[in-house]
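The values are calculated or read from the model by the stated rules, or taken from the named source; none is laboratory data. All values reported here derive from a predicted model rather than from experimental measurement. Cβ placement follows ideal geometry from the backbone for every residue including glycine, while neighbour counts extend to all protein chains displayed.
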Amino acid sequence: MIMNNKNMKFGEKKYKGVVFDLDGTLLDTLEDLKESVNYALGKNGMPKRTLEDIRHFVGCGVQRLIALAVPDGTAQEEQEVVFADFKEHYCIHCNDKTGLYPGISELLLKLKEQGFLMAIVSNKLQEGVDALWEQYFKEYLSVAIGARDGIRKKPCPDSVFEALRLLGLSKEQAVYVGDSEVDIATAQNAGMDCITVAWGFRTRKEQEEAGALVFAETPEDIISMLYGKFS
């Protein structure tokens, strides 16, 4: 079921492209993030975090993830050590338990066959994005932007604008698809329409409180929405 709240006129125009968030939208990465965070915390004598903790900490990049995961009052120098340990572990283990959400591979294939241009924008380190692109997405899309020097992280719109530039699309020709309050704010900051997915890291209540207006219950819903059709 697709919800169109507040009479948003989302279905009146068609799109040529889709800009996807990665974690919580295309891939379920939570278990691998938890394992790498807890490896780094344990190595530095700090208490480990639960999966639910990690679920609420993700979204603003891995440095922010580590800042939230370490005990309150941890010095910046210690945080940097934990971050370095996390990064070393995650670069190796980012795909141990990670996998596509059900229906995502079918969605991407249909979008490609129907001529839609696609990109990924993520606050994940570029190295991690590159590894996951190679594993899951290279047959569907060529633009995958992660955290790197010179581009501000989401919810700043920089990575989205860079993706649109590489795709050769205007913000009006594409729609942003994500799962979190960071994604909702990113789309707003970029001046783009946004589809919020129901299967990610946030609850419907959290998404609505963040300003989400349009929801896709399944990946299949996204296809009809790109043609301006609602059910």
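Take the residues of region 185-201 that are among the aliphatic types (A, V, I, L, M) and part of a loop (DSSP other than H, G, I, E, B): which is surrounded by the most Cβ atoms within 10 Å (Cβ to Cβ)? Applying the filter and picking the extreme gives Met192.
On the stretch given as region 189-231, residues that are closer than 16 Å to Gly103 by Cα and of a type in the set (S, T, N, Q) total 3. Considering only residues in region 131-143 that are touching a strand residue (DSSP E or B) at 6+ places or on another chain (Cβ under 7 Å) and free of Cβ contacts under 8 Å to residues at least 60 places away in the same chain, the one that is nearest to Thr186 (Cα to Cα) turns out to be Val143. Right, Gln126: of a type outside the set (Lys, Arg) and either more than 29 Å from Gly191 (Cα to Cα) or modelled with pLDDT of 95 or more (or both) or not? It is false that Gln126 is of a type outside the set (Lys, Arg) and either more than 29 Å from Gly191 (Cα to Cα) or modelled with pLDDT of 95 or more (or both). You will find that of Tyr136, Tyr140, the residue that is part of a loop (DSSP other than H, G, I, E, B), modelled with pLDDT of 95 or more, over 14 Å from the mean Cα position of the chain (by Cα) and not polar (S, T, N, Q) is Tyr140 and no other.
Those helices (runs of 4 or more DSSP H) of region 4-106 in which 2 or more residues are over 23 Å from the mean Cα position of the chain (by Cα) and without any contact (Cβ under 8 Å) to a residue 24 or more places away in the chain occupy 76-93. Of the listed requirements (1) crowded, with 18+ Cβ neighbours inside 10 Å; (2) free of Cβ contacts under 8 Å to residues at least 60 places away in the same chain; (3) part of a helix (DSSP H, G or I); (4) hydrophobic (A, V, I, L, M, F, W, C), Val182 misses just one: (2).
Residues that are under 15 Å from Val197 (Cβ atoms), buried (at least 18 other Cβ atoms within 10 Å of the Cβ) and either in contact with a Cys (Cβ under 8 Å, 6 or more places away or on another chain) or not hydrophobic (A, V, I, L, M, F, W, C) (or both) within region 96-131 comprise Tyr101, Ser122, listed in sequence order. Considering every residue within region 160-168, establish whether at least one is surrounded by fewer than 23 Cβ atoms within 10 Å (Cβ to Cβ), in a loop (DSSP other than H, G, I, E, B) and at pLDDT below 95. No - not one qualifying residue is present in region 160-168. Screening Ile223 against (1) farther than 18 Å from Leu22 by Cα; (2) hydrophobic (A, V, I, L, M, F, W, C); (3) surrounded by fewer than 20 Cβ atoms within 10 Å (Cβ to Cβ) leaves a single unmet condition, (1). The C-beta contact set for region 152-163 (first residue within 15 Å of Cys194 (Cα to Cα), second residue at pLDDT 95 or above and among the aromatic types (Phe, Trp, Tyr), distance under 9 angstrom, 6+ apart or interchain) comprises Val160/Tyr176. Restricting the search to region 143-153, which residues are outside any strand (DSSP E or B) and either surrounded by 19 or more Cβ atoms within 10 Å (Cβ to Cβ) or in contact with a Cys (Cβ under 7 Å, 6 or more places away or on another chain) (or both)? Result: Lys153, single match.
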